[in-house]
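To keep things clear, I will list the structure first and then write my remarks on it.
The values are calculated or read from the model by the stated rules, or taken from the named source; none is laboratory data. No experiment lies behind these values; they were computed from the predicted model shown. In this analysis, Cβ positions are derived from the backbone assuming ideal geometry, glycine residues included, and neighbour counts consider all displayed protein chains.
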Amino acid sequence: MDKNEGSQSKAGPESPKPLENKTIVLGITGSIAAYKGADLASRLTQEGAVVEVVMTKEAQEFITPVALGALTRRPVVSDMFHHAASHQITHVNLGQKADIVVVAPATANIIAKLAAGIGDDELTCTVLATQSPVLIAPAMHAAMYLNRVTQDNIGRLKERGVSFVGPVEGRLASGHFGPGRFAENTDIIGAIHQILGRKGNLAGKRIVVTAGGTQEPIDPVRYITNRSSGKMGFAIAAAARDRGAEVTLVTAPVSLAAPYGVKIVRVNTAAEMFEAVAAATASADGLIMAAAVADYHVASAAANKIKRERGTLTLELAPNPDILESVKGDFARVGFAAESENLIENARKKLEKKRLDLIVANDISATDSGFGSDNNRVTLLSAGGKVEDLPLLPKSVVADRILDRLVSVLREKGHSIH
Ligand code: PMT
């Protein structure tokens, strides 16, 4: 029987719902970006959140409450006296039950009202009534955004603990380019995860993660690399951020978007990765090496493009230093072992040789596991001898299981964990 049989359906393991049990109040205001607010509502609902949408009168000029109600499968609050019949004060009720209040998109006008403490509609009253974190994603013309009054208002709200995501520079609805463009929904969702995880069990910890396959040049246009997509390392970086860690992600070239709220350091070669890891770990509590680092580089890469000639071409390869084994410092060390045979035996050898606290034995012979896949089949081996065999799981879930073990390692090393 296949070792993965029984642990998941043919379609692969089920995706997790990271926002399950969270209530998000989403305020949508009168900006052309309101349609992106609808997509945001849908994506948060798909992640398992209960999304309570509050729309200003102006927002309803761009998009209807019916659309938002259909996307969230919830009633939408679209006027101040909406729930008067139920004898509940909606904004107080919403403000209290929210885990986070998100205003996206937020106009200059709504930001001005919030900075001045004016509550004259259901959304401004909800923001004033809540004790929960507030996140604002502005969207407006560059001139309005850069206006001193708007900047002062944003500054005042930040001083009171309100978080902002964006705006970013780019094309504006007017056709101009500049700052004021609504942040990408992926980044807004990243900011929501980061805020909700602020008090997680890695709060205050500095974690360095590596990802991707290094590229070792042959000449100016060719290189040696491997099939790593970076998905595993990026998933770990995002999961550590969502537990409150300050994360540095050292990545070889990949085609993935940088996770919001993570410091990203881009490198090409194993030598560059070594340098970046050494710098980042100088003040780190933990290092997780998910990168597929090339074991060799071309001894003398050609300065010019190698011409095609008859006969064979021989490249001399020289060994790269082992980053995990050689990087200095007193931090928790987690390595991976990508193995196609003798998984546990080979992983245990690497655990001992590299003096690691934990090794993630990665079964790359299993179907849909390892390089490039969205899923991974791993066994976690601790220095203390504990072995945890996991079924095929989405990489985001594997990331969380690795971090559960990292938290235990940090506790054993005497770190205080919330
Ligand atoms: O990126 P994805 O497509 O999501 O795929 C994920 C992955 C399969 C790349 C990842 O899960 C994984 O297994 N990464 C480790 C791959 C690897 O290079 O394993 P290794 O057994 O050769 O190396 C052992 C450990 O030493 C690794 O943690 C590696 O990062 C580290 N190493 C290796 C060589 C080197 N010169 N320096 C190192 O630090």
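Looking at this structure, is LEU256 within 11 Å of the ligand (Cβ to nearest atom), modelled with pLDDT of 95 or more, buried (at least 21 other Cβ atoms within 10 Å of the Cβ) and in a loop (DSSP other than H, G, I, E, B)? Spell out the reasoning first.
Values: within 11 Å of the ligand (Cβ to nearest atom): yes; modelled with pLDDT of 95 or more: yes; buried (at least 21 other Cβ atoms within 10 Å of the Cβ): no; in a loop (DSSP other than H, G, I, E, B): yes.
Taking the combined requirement at face value, the residue does not satisfy it.
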**OP:** Take segment 353-369 and flag every residue that is modelled with pLDDT under 95, within 11 Å of the ligand (Cβ to nearest atom) and in contact with a Ser or Thr (Cβ under 9 Å, 6 or more places away or on another chain).
**Re:** ASN362, ASP363, ILE364
Subject >> Test: ALA302 is without any contact (Cβ under 8 Å) to a residue 60 or more places away in the chain, of a type in the set (A, V, I, L, M, F, W, C) and surrounded by fewer than 17 Cβ atoms within 10 Å (Cβ to Cβ) >> reply: no
Original post:
So, in segment 193-236, of the ones that are part of a helix (DSSP H, G or I) and either under 17 Å from GLY370 (Cα atoms) or free of Cβ contacts under 8 Å to residues at least 24 places away in the same chain (or both), which residue ends up farthest from the ligand (Cβ to nearest atom)?
Top reply: ILE236
Subject >> Residue, farthest from ALA383 (Cα to Cα), within segment 301-347, restricted to residues that are more than 13 Å from the ligand (Cβ to nearest atom) and of a type in the set (Ser, Thr, Tyr) >> reply: THR312
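Within segment 129-136, can one find any residue that is more than 25 Å from LYS57 (Cα to Cα), away from the ligand (no atom under 16 Å from the Cβ) and not in a loop (DSSP other than H, G, I, E, B)? Lay out the reasoning, then the answer.
So in segment 129-136, the residues more than 25 Å from LYS57 (Cα to Cα) come out as none.
Among the residues of segment 129-136, not one is more than 25 Å from LYS57 (Cα to Cα), away from the ligand (no atom under 16 Å from the Cβ) and not in a loop (DSSP other than H, G, I, E, B), which makes the answer no.
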